[in-house]
């Protein structure tokens, strides 16, 4: 091959590589996730017990909690957001992931209804995080229902109220097809006699409303109260939530 031909081949190779690289960058996208619910979304995992790699925020993740930017694993306890963040970051390494967490410990589904304070607070989180209004919500991850398992009157209304919450949220966010991932509750103490009723409602929602996924929490380890997930349980929960979105 002549020198001119070799030069041409090298140039062509760089052009092709440039096109491929530019195409890869151009196709990068933003993913936005809302993590909401009550105390098991807040989390009882012990940050001290985490492996070192979980104590760093992935380079392509930004985490916002209660309206403020935070680094992961900077407090004594953590929720599903840590393993969730690392899982989605590895799953889509060239994309940007925005994780927005908004919780109210001990809250019932009635407090999350459209028009209520928690519903309005949840809607405000995207703006507080500085995410462009036109950026769609990729998924809403919901871990709530234990409070409603305490009484029959709350449990029998859970399905209808959860349906209103999901539909209202999709309407207000202008994302009618946003995926909703629900963690199946499983408290075992006698103080939660209507657990099966709430679980049944969650299952029915996952089959009656499009693009709703139910995530099993069975076999996730808990702390002494048999209500809240411990360190390993919270890590497992975050992974399950993430996998439900992309698989």
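The values are calculated or read from the model by the stated rules, or taken from the named source; none is laboratory data. Remember, predicted model here, so these are calculated numbers, not experimental data. Reconstructed Cβ throughout: ideal geometry from the backbone, glycine too, with neighbour counts over all protein chains shown.
Quick one: would you say residue 131 is closer than 20 Å to residue 35 by Cβ, in contact (Cβ under 8 Å) with a residue 24 or more places away in the chain and outside any helix (DSSP H, G or I)?
yes
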In region 53-86, residue surrounded by the most Cβ atoms within 10 Å (Cβ to Cβ) [restricted to those that are closer than 14 Å to residue 231 by Cβ and free of Cβ contacts under 8 Å to residues at least 40 places away in the same chain]: 73
Residue within region 188-205 that is part of a helix (DSSP H, G or I), more than 30 Å from residue 49 (Cβ to Cβ), at pLDDT 95 or above and in contact with a strand residue (DSSP E or B) (Cβ under 8 Å, 6 or more places away or on another chain) present: yes
Test for residue 234: is it over 13 Å from residue 184 (Cα atoms), touching a helix residue (DSSP H, G or I) at 6+ places or on another chain (Cβ under 9 Å), surrounded by 19 or more Cβ atoms within 10 Å (Cβ to Cβ) and touching a residue at least 24 places away in the same chain (Cβ under 8 Å): yes
Hey, residue 155 part of a helix (DSSP H, G or I) and out of contact with any helix residue (DSSP H, G or I) (no Cβ under 9 Å at 6 or more places or on another chain) or not: no
Residues of region 111-128 satisfying the condition of being touching a helix residue (DSSP H, G or I) at 6+ places or on another chain (Cβ under 6 Å), outside any loop (DSSP other than H, G, I, E, B) and over 16 Å from residue 178 (Cα atoms): 111, 112, 118, 119
From the options 137, 185, residue that is touching a helix residue (DSSP H, G or I) at 6+ places or on another chain (Cβ under 8 Å), modelled with pLDDT of 95 or more and within 29 Å of residue 30 (Cα to Cα): 137
Filtered residue count, region 88-105, keeping only those that are in contact with a helix residue (DSSP H, G or I) (Cβ under 6 Å, 6 or more places away or on another chain) and either part of a loop (DSSP other than H, G, I, E, B) or surrounded by fewer than 19 Cβ atoms within 10 Å (Cβ to Cβ) (or both): 3
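Does residue 83 satisfy the criteria of being at pLDDT 95 or above and on the phi < 0 side of the Ramachandran plot?
Here the answer is yes, as residue 83 does meet what is asked.
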Pairs, first farther than 12 Å from residue 166 by Cβ in region 108-122, second in a loop (DSSP other than H, G, I, E, B), C-beta under 6 Å, six or more apart: 118/104
Subset of region 219-247 [out of contact with any strand residue (DSSP E or B) (no Cβ under 8 Å at 6 or more places or on another chain), assigned to a loop (DSSP other than H, G, I, E, B) and closer than 19 Å to residue 38 by Cβ]: 224, 225, 226, 227
